[in-house]
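Presented below is the structure to which this report refers.
The values are calculated or read from the model by the stated rules, or taken from the named source; none is laboratory data. Every value quoted in this text rests on a predicted model; they were computed, and no experiment measured them. Cβ placement follows ideal geometry from the backbone for every residue including glycine, while neighbour counts extend to all protein chains displayed. Quick note on the areas: whole protein, heavy atoms, side chains included, nothing else; ligands and nucleic acids left out. Shrake-Rupley method; radii C 1.70, N 1.55, O 1.52, S 1.80 Å.
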Amino acid sequence: MQIAIVKYNAGNIYSVVNALRRLGVEPLLTDDKEVLLKADRVIFPGQGEASNCMKHLQAQGLDTLIKDLRQPVLGICVGQQLLCRHSEEGDTDCIGVFDAEVRRFQPVHHEDKVPAMGWNSLAGMKSELFKGIPENAFVYFVHSYYVPLCEHTDARTEYILPYSAALHKGNFYACQFHPEKSGRVGEAILRNFLEL
């Protein structure tokens, strides 16, 4: 099985590579369109600023390619946000797989810190991505922007307000949290993705 990771100007890619290696998979980090189209699975990770990431993807023609992929695709963190229609970060039009608006956390109380950083629990999990994952399992988050609850919400969590911890539509799966930094639960989620 060929697992391709989308190579672009985003951080955190190598932690995903290492997590897959722990599962016995040697992924291919690439921006080659033919390789991405032929891969059995595609992972679209990232940490970074939405408008800069989108400009790089558009310059490489990867934005339209990603939207046209037919195999299982997993967006992680900024990868999830870029799969949405629009982000408040830099007033950025994104790839548009999910009809959702990415919004910035607005602190309500003094103790509300942005970015949201740390472990939080998952609830309402729906797709096979979460097969065998118990309700209220904890995963690791670090982000300043979030996707509100919507028709594509595949799991939810709460920080300041309830929001989408994961999204799903057709062959596209995405999570705001970092499965590659989420211990055994994250490892199980990545394994589930490989087995879809």
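In the range 162-182, which residue that is open to solvent by 20 Å² or more (accessible area, probe 1.4 Å) and touching a Phe, Trp or Tyr at 6+ places or on another chain (Cβ under 8 Å) is farthest from G132 (Cα to Cα)?
Narrowing the range 162-182 to residues open to solvent by 20 Å² or more (accessible area, probe 1.4 Å): 162, 168-171, 181.
From the residues that got through so far, the ones that are touching a Phe, Trp or Tyr at 6+ places or on another chain (Cβ under 8 Å) too are 169, 181.
Values: K169: 20, K181: 18 Å.
The qualifying residue farthest from G132 (Cα to Cα) is K169.
Residues A123, A59: which one is out of contact with any His (no Cβ under 7 Å at 6 or more places or on another chain) and either open to solvent by 30 Å² or more (accessible area, probe 1.4 Å) or among the charged types (D, E, K, R) (or both)? Let's see the steps before the verdict.
Working: A123 fails: either open to solvent by 30 Å² or more (accessible area, probe 1.4 Å) or among the charged types (D, E, K, R) (or both).
Selected residue: A59, the only one of A123, A59 that is out of contact with any His (no Cβ under 7 Å at 6 or more places or on another chain) and either open to solvent by 30 Å² or more (accessible area, probe 1.4 Å) or among the charged types (D, E, K, R) (or both).
Select from the range 69-88 the residues that are open to solvent by 30 Å² or more (accessible area, probe 1.4 Å) and assigned to a loop (DSSP other than H, G, I, E, B) and write down the one among them that is farthest from R191 (Cα to Cα). Explain how you work it out, then say what you get.
Here is the first cut: in the range 69-88, the residues open to solvent by 30 Å² or more (accessible area, probe 1.4 Å) are 70, 85, 88.
Checking the rest, the ones that are also assigned to a loop (DSSP other than H, G, I, E, B) come to 70, 88.
Details: R70: 19, E88: 32 Å.
Once the filter is applied, the top-ranked residue is E88.
Check E158 against each of (1) touching a residue at least 24 places away in the same chain (Cβ under 8 Å); (2) under 24 Å from L65 (Cα atoms) and name the one condition it does not meet.
Going through (1) touching a residue at least 24 places away in the same chain (Cβ under 8 Å); (2) under 24 Å from L65 (Cα atoms) one by one, E158 breaks only (2).
Looking only at the range 30-42, filter to residues that are open to solvent by 60 Å² or more (accessible area, probe 1.4 Å) and in a loop (DSSP other than H, G, I, E, B); which one of those is nearest to K7 (Cα to Cα)?
Per the stated criteria, the residue is D31.
Picking from P27, P45, which residue would you name as being farther than 11 Å from I3 by Cβ, touching a Leu at 6+ places or on another chain (Cβ under 9 Å) and buried (at least 17 other Cβ atoms within 10 Å of the Cβ)?
On the way: P27 fails: farther than 11 Å from I3 by Cβ.
From the options P27, P45, the qualifying one is P45.
With (1) assigned to a loop (DSSP other than H, G, I, E, B); (2) among the β-branched types (V, I, T); (3) open to solvent by 40 Å² or more (accessible area, probe 1.4 Å); (4) closer than 28 Å to N192 by Cβ as the list, and V108 as the residue in question, which single condition is left unmet?
With respect to (1) assigned to a loop (DSSP other than H, G, I, E, B); (2) among the β-branched types (V, I, T); (3) open to solvent by 40 Å² or more (accessible area, probe 1.4 Å); (4) closer than 28 Å to N192 by Cβ, V108 is out only on (4).
Please state which one of E158, E187 is open to solvent by 60 Å² or more (accessible area, probe 1.4 Å) and in a helix (DSSP H, G or I).
E187
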